[in-house]
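Structure first, commentary second.
The values are calculated or read from the model by the stated rules, or taken from the named source; none is laboratory data. As the structure is a prediction and not an experimental result, all values here were calculated from the model. Cβ: placed from backbone, ideal geometry, glycine included. Neighbour counts: every protein chain shown. In case anyone asks, the SASA skips ligands and DNA or RNA and just uses the protein heavy atoms, side chains included. Shrake-Rupley method; radii C 1.70, N 1.55, O 1.52, S 1.80 Å.
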Amino acid sequence: MTWLYVIGFAVAMLIALLMTPLVKRFAFWVGAVDAPNHRKVHSRIMPRLGGLAIFIAFVAAYFVVSPAMDALKSDVVFGLLVGGVIVVVIGALDDRFDLSPKLKLLGQILAASVVVYSGVVIDLVNVPFGDGVISLEWLAVPLTIFWIVGVTNAINLIDGLDGLSAGVSGIATCTILVLALMMGNVTVVLLCAVLLGSIGGFLFYNFHPAKIFMGDSGALFLGFTLATLSVLGFKQATVVSLLVPIMILGVPLSDTFFAIMRRWVNNLPISVADKSHLHHCLLQLGFSHRSTVLIIYGISLVFGTSAVLLSYMSQQQTLWGTVLLVTVLLCILVLGAEAIGIISKTKKPVLQFLNKAMKTMQLNTKSRNN
């Protein structure tokens, strides 16, 4: 069956490679372009709608390979595809006409509801370090919709540099694919394979210097699909920790969390746009466009590898190893966030505390020597 996954990946990549130049021409023809402004990094008019190429490649490759496979969950795949159509249409319309945030949110909720109706629901919360589960009952549906909409927007928020959102999504897809292989989830493995191929083919044109942007059509589709796959892949795995799906999407989720904290600290509305996201901070530190993207790729790989390790440790009931891994990651996340000033350029309580502690230790050492 492995060769079918490889074929799905190759077909998706080939279709994306062929479709992206056509979508680029179509974007210029309909006027779906991104003009430079004070918040944008690019300096020339760029075509959007790249998400159409990703979506077409994903759907086409799935239907090429799926007839040769058994044990696929066709109902949930149908829900994913219908929901995908909704978010791609909403995103494409926004790429062209700049829809209101409320209308975009309504479309995302509708797409998430379609997936939930198809049977993809976080109905059981896996208890780390144990074999028990907690039934969410009436909270299952709203929690699932919240997760899908939240991840969808998180991927959209990091789409600020050439190849950034596509690359981070590709790494997250690889992580889900590896975990799905470990768990024997055929449906998720196939979907991840064709999604990864679609991303790879598009990234050929989207990596710096980009020839086309994925736009909201792409960012919303990737976020929606990754959120759905994370639920579909782990909702019934009682040995998988709660933190695994969060770690898989660590970069976009942490960037979204820090954006909320930043606006709260500065007494600004949550919906206000700014230039203090992770990629903005790295650029401000002097890193080049390409180096910034590669650094964030590296951070995504760390999160993805940690998700795989955490899943393995949870299966092995390795309590202290899991606690140590999570603690180290949290410490690195907090220190890194303060170091680059992603929350505040002046308010850095943890680093200031550590700095005072180091000075105190140095003074005590000098006093002992004297």
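Values for this structure:
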{"item": "Solvent-accessible area, 1.4 Å probe, carbon plus sulfur percent, for the chain", "result": "71"}
{"item": "Size of charge dipole - the chain - debye, nearest 20, with Cβ of Lys, Arg +1 and Asp, Glu -1, no other charges", "result": "1480"}
{"item": "Solvent exposure of the chain as accessible area per residue, Å², 1.4 Å probe", "result": "47"}
{"item": "Measure of compaction for the stretch 286-354 (Cα Rg per 2.2 N^0.38 Å)", "result": "1.37"}
{"item": "Number of Lys pairs (Cα under 24 Å; 8 or more positions apart or on different chains) in the chain", "result": "22"}
{"item": "Heavy-atom accessible area ranking, 1.4 Å probe, most first, across GLU137, GLU338", "result": "GLU137, GLU338"}
{"item": "The chain - mean residue ellipticity at 222 nm from DSSP helices (-39,500 (n - 2.57) per run, n ≥ 4, rounded to 500)", "result": "-24500 deg cm²/dmol"}
{"item": "Ordering of 245-258, 47-60, 218-231, 288-301 by burial proxy (mean other Cβ atoms within 10 Å per residue, highest first)", "result": "218-231, 47-60, 245-258, 288-301"}
